[in-house]
Amino acid sequence: MKRYFHKELNDLKNKLILLGEKSNEIARLAMDGLLENDIEKVNKAAGMDDYLDDLEQEISYACIRYISLRAPVSSDLRLIFVALKASRDFERIGDEAHSITRKSSKILINDGKLSEQFNLQEMSNLACQLIKDAISCFVEEDLEKAFAVLKKDREIDTINQKHFELISDISMQEKISDPTRFNTLLISKSIERMGDHAKNIAREVIFLLSKE
Amino acid sequence: MSLDIQVKPAEAGSKVLPPEVIKIRNLDFSYGESQALFDISMDVYEKEVTAFIGPSGCGKSTFLRCFNRMNDLIDIAKIKSGTIKISDVDIYDEEIDVIELRKHVGMVFQKSNPFPKSIYDNIAYGMRIQGIKKSSELDSTVESCLKSAALWGEVKDRLNESALGLSGGQQQRLCIARALAVKPKILLMDEPCSALDPIATAKVEELIHELKKNYTIVVVTHNMQQAARVSDRTAFFYLGRLIEYGPTEQIFMNPENSQTEAYVSGRFG
């Protein structure tokens, strides 16, 4: 039997999907801004973070309201917990993107040149694809896709590890600090964290679908 | 004195609140020497569901029965002071026709109480008393009331069968349909689901949600989850006093009073 308040769960799902899409958009904009030397895109991404924060707050409130007033159980309750945790992860993706915009601004103001030794383009593509997959495994209730996200995240971790080793080697040889290089490493770390958040979301979807 | 309910629109610039239909001010009520309600003041808003919650004996059913003067049937029951106005008419005014009042303020009880008559006659009964004899008018009202009570689909092929043959949940919805037949503006429900199973309860709750589009509903319930699910506003009573009254969201998520907090979170007693 469909109850009138089940619509509230659909609204909640839709808000979570919207938050996911916006977090993907901000991540893509932040990285494209840096890689395409486009300060407008960087600024646009920086301006989106508050919207994500507000949306996450809205979702949290809707979850607590639903628990308080509707006493959900079973799959409804699992969905509420997934929405609470996944929205936090999407919001953190926004925070990482915002952090990237700050570093990107510094890089672009200085000279805008990134060392070709850093594979940020591939890393960024992988992270954005991972966020997209995390959203679609939730929307399509696709367990297989959720497990694939967990695997793909390792590729991002590997690239980040290489960046870290590269910086260590260069720093040992040159013994001078280069702010651009340092900021690039921090950006690499932020992208790696985005992948981690996408992985967390996939884990939540696995919990939702497999009940484990 | 007319009880035609014509509510005033909200004042310009005021907070977007529906108009008040029932206004209770400083109500003191007693059974003989024993005071049951103390200084109660509150407003019930149009086309909203208002829930009364509180432990047994807190006075919520007594308070509900004040709205259609059902307490008049108890000899020792008496309003000591205060007023209850429905659409700005004092319903305890000497000139009030109580039968007329009860047409405007329908009531559904804890235990379903269909008449030992056919399903059709249960609905048509009130209208026949009002002098309506035309069968086409009776037929259409019976049908529309049963539809409003979400019962038409289940009984349309057996309208002439006894109402006592219906299930408990169906009987309760029939009683709601019967109350609707005399075109009330306000529906009082005194623990309407306490004798029903979860599926029948869900159907009555769905019905309450639908009915509030056209009626102002006041429901007494012991089931706090039900109050949370169906109502727009909730009033918590304890020992005959109104402890807290506000939007249901506030009462269940962030009550201001520590007694309300203890009651809704099950830490009471």
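The values are calculated or read from the model by the stated rules, or taken from the named source; none is laboratory data. What you see is a predicted model; the values in this text were computed from it and never measured. Cβ: placed from backbone, ideal geometry, glycine included. Neighbour counts: every protein chain shown. We work out accessible area using only protein heavy atoms, side chains counted, and drop any ligands, DNA or RNA first. Shrake-Rupley method; radii C 1.70, N 1.55, O 1.52, S 1.80 Å.
Looking at A:Gly20, A:Gly47, A:Gly33, which is the one that is small (Gly, Ala, Ser), open to solvent by less than 30 Å² (accessible area, probe 1.4 Å) and at pLDDT below 95? Walk me through how you get there before you give the answer.
Values: A:Gly20 fails: at pLDDT below 95; A:Gly47 fails: open to solvent by less than 30 Å² (accessible area, probe 1.4 Å).
Matching residue, one of A:Gly20, A:Gly47, A:Gly33: A:Gly33.
Taking the residues in the stretch B:85-95 that are touching a residue at least 40 places away in the same chain (Cβ under 8 Å) and more than 15 Å from B:Lys185 (Cβ to Cβ) as candidates, determine which candidate is least open to solvent (accessible area, probe 1.4 Å). Don't jump to the end; show me each part of the working.
First, the residues of the stretch B:85-95 that are touching a residue at least 40 places away in the same chain (Cβ under 8 Å): B:85-89, B:91, B:93, B:95.
Add one more test, that the residue is more than 15 Å from B:Lys185 (Cβ to Cβ), and what stays is B:93, B:95.
Details: B:Asp93: 50, B:Glu95: 130 Å².
So, considering only residues that are touching a residue at least 40 places away in the same chain (Cβ under 8 Å) and more than 15 Å from B:Lys185 (Cβ to Cβ), the one least open to solvent (accessible area, probe 1.4 Å) is B:Asp93.
Which ones in the stretch A:99-113 are among the β-branched types (Val, Ile, Thr) and modelled with pLDDT under 85?
Within the stretch A:99-113, the subset among the β-branched types (Val, Ile, Thr) is A:100-101, A:107, A:109.
The one that is among the β-branched types (Val, Ile, Thr) and modelled with pLDDT under 85: A:Ile109.
Of all residues in the stretch B:249-264, which are more than 10 Å from chain A (Cβ to nearest Cβ) and free of Cβ contacts under 8 Å to residues at least 60 places away in the same chain?
Quick first cut of the stretch B:249-264, residues more than 10 Å from chain A (Cβ to nearest Cβ) only: B:250, B:255-263.
Scanning the stretch B:249-264 gives B:Gln250, B:Pro255, B:Glu256, B:Asn257, B:Ser258, B:Gln259, B:Thr260, B:Glu261, B:Ala262.
Can you list the strands (runs of 3 or more DSSP E) lying wholly within the stretch B:178-259 that have 1 or more residues being open to solvent by 50 Å² or more (accessible area, probe 1.4 Å)?
Values: elements: B:186-190, B:216-220, B:233-238, B:241-247.
Where strands (runs of 3 or more DSSP E) fall fully within the stretch B:178-259 and carry at least 1 residues being open to solvent by 50 Å² or more (accessible area, probe 1.4 Å), they are B:233-238, B:241-247.
Check whether at least one residue in the stretch B:166-177 is under 30 Å from B:Ser87 (Cβ atoms) and either part of a loop (DSSP other than H, G, I, E, B) or touching a strand residue (DSSP E or B) at 6+ places or on another chain (Cβ under 6 Å) (or both), and report yes or no. Full working, then the answer.
To start, the set of residues in the stretch B:166-177 that are under 30 Å from B:Ser87 (Cβ atoms) comprises B:172-177.
Adding the requirement that they be either part of a loop (DSSP other than H, G, I, E, B) or touching a strand residue (DSSP E or B) at 6+ places or on another chain (Cβ under 6 Å) (or both) leaves B:175-176.
Yes; the residues of the stretch B:166-177 include at least one that is under 30 Å from B:Ser87 (Cβ atoms) and either part of a loop (DSSP other than H, G, I, E, B) or touching a strand residue (DSSP E or B) at 6+ places or on another chain (Cβ under 6 Å) (or both).
Given the options A:Ser87, A:Ser74, A:Ser68, A:Ser136, name the one that is touching an Asp or Glu at 6+ places or on another chain (Cβ under 6 Å) and either farther than 30 Å from A:Asp178 by Cα or free of Cβ contacts under 8 Å to residues at least 24 places away in the same chain (or both).
Numbers: A:Ser74 fails: touching an Asp or Glu at 6+ places or on another chain (Cβ under 6 Å); A:Ser68 fails: touching an Asp or Glu at 6+ places or on another chain (Cβ under 6 Å); A:Ser136 fails: touching an Asp or Glu at 6+ places or on another chain (Cβ under 6 Å).
Residue meeting the stated conditions: A:Ser87.
Among residues belonging to the stretch B:12-44 that are within 18 Å of the chain's Cα centre (by Cα) and acidic (Asp, Glu), point out the one that is modelled with the lowest pLDDT.
Among those residues, the one meeting the criterion is B:Glu20.
Considering every residue within the stretch A:37-51, establish whether at least one is assigned to a helix (DSSP H, G or I), within 14 Å of chain B (Cβ to nearest Cβ) and out of contact with any helix residue (DSSP H, G or I) (no Cβ under 8 Å at 6 or more places or on another chain). Spell out the reasoning first.
Taking the stretch A:37-51 as the starting set, the residues that turn out to be assigned to a helix (DSSP H, G or I) are A:39-51.
Pick out the ones that are also within 14 Å of chain B (Cβ to nearest Cβ) and you get none.
No.
Within the stretch A:1-30, restricting attention to residues that are hydrophobic (A, V, I, L, M, F, W, C) and within 14 Å of another protein chain (Cβ to nearest Cβ), which residue is farthest from B:His209 (Cα to Cα)? Write out each step before concluding.
Keep residues of the stretch A:1-30 that are hydrophobic (A, V, I, L, M, F, W, C), which gives A:1, A:5, A:9, A:12, A:16-19, A:26-27, A:29-30.
Then drop every residue that is not within 14 Å of another protein chain (Cβ to nearest Cβ), which leaves A:1, A:5, A:9.
Numbers: A:Met1: 15, A:Phe5: 10, A:Leu9: 17 Å.
My answer is A:Leu9.
Just to be sure before I move on: is B:Ala150 in a loop (DSSP other than H, G, I, E, B) and within 14 Å of chain A (Cβ to nearest Cβ) in the structure I sent? Steps first, please.
Details: in a loop (DSSP other than H, G, I, E, B): yes; within 14 Å of chain A (Cβ to nearest Cβ): yes.
For B:Ala150, the condition - in a loop (DSSP other than H, G, I, E, B) and within 14 Å of chain A (Cβ to nearest Cβ) - is met.
Taking B:Glu191 as the residue in question, decide whether it is touching a residue at least 40 places away in the same chain (Cβ under 8 Å) and within 10 Å of chain A (Cβ to nearest Cβ).
Values: touching a residue at least 40 places away in the same chain (Cβ under 8 Å): yes; within 10 Å of chain A (Cβ to nearest Cβ): no.
No, not satisfied.
Taking the condition of being under 17 Å from B:Val182 (Cβ atoms) and open to solvent by 30 Å² or more (accessible area, probe 1.4 Å), how many residues in the stretch B:142-171 meet it?
The number of residues fulfilling the criteria is 4.
Could you go through the stretch A:52-68 and let me know if any residue there is of a type in the set (Phe, Trp, Tyr) and open to solvent by 50 Å² or more (accessible area, probe 1.4 Å).
Narrowing the stretch A:52-68 to residues of a type in the set (Phe, Trp, Tyr): A:61, A:66.
Among the residues that remain, those that are also open to solvent by 50 Å² or more (accessible area, probe 1.4 Å) are: A:61.
There is at least one residue in the stretch A:52-68 that is of a type in the set (Phe, Trp, Tyr) and open to solvent by 50 Å² or more (accessible area, probe 1.4 Å).
Among the residues of the stretch B:14-44, write down those that are within 16 Å of B:Ser81 (Cβ to Cβ), of a type in the set (Asp, Glu) and open to solvent by less than 50 Å² (accessible area, probe 1.4 Å).
Scanning the stretch B:14-44 gives a single hit, B:Asp28.
Got a number for residues in the stretch A:139-163 being under 18 Å from A:Arg181 (Cβ atoms), in contact with a helix residue (DSSP H, G or I) (Cβ under 7 Å, 6 or more places away or on another chain) and either open to solvent by 90 Å² or more (accessible area, probe 1.4 Å) or of a type outside the set (A, V, I, L, M, F, W, C) (or both)? Walk me through how you get there before you give the answer.
At the first step, the residues of the stretch A:139-163 found to be under 18 Å from A:Arg181 (Cβ atoms) are A:159-163.
From the residues that got through so far, the ones that are in contact with a helix residue (DSSP H, G or I) (Cβ under 7 Å, 6 or more places away or on another chain) too are A:159-160, A:163.
Keeping just the survivors that are either open to solvent by 90 Å² or more (accessible area, probe 1.4 Å) or of a type outside the set (A, V, I, L, M, F, W, C) (or both) gives A:160, A:163.
The number of residues fulfilling the criteria is 2.
Would it be correct to say that A:Gln129 is outside any helix (DSSP H, G or I), open to solvent by 60 Å² or more (accessible area, probe 1.4 Å) and more than 14 Å from chain B (Cβ to nearest Cβ)?
no
Taking the stretch B:45-83 as the search range and keeping residues that are more than 12 Å from the chain's Cα centre (by Cα) and among the small types (Gly, Ala, Ser), which one is surrounded by the most Cβ atoms within 10 Å (Cβ to Cβ)?
B:Gly54
Give the number of residues within the stretch A:69-102 that are under 22 Å from the mean Cα position of the chain (by Cα), surrounded by fewer than 22 Cβ atoms within 10 Å (Cβ to Cβ) and among the charged types (D, E, K, R).
Total satisfying the criteria: 6.
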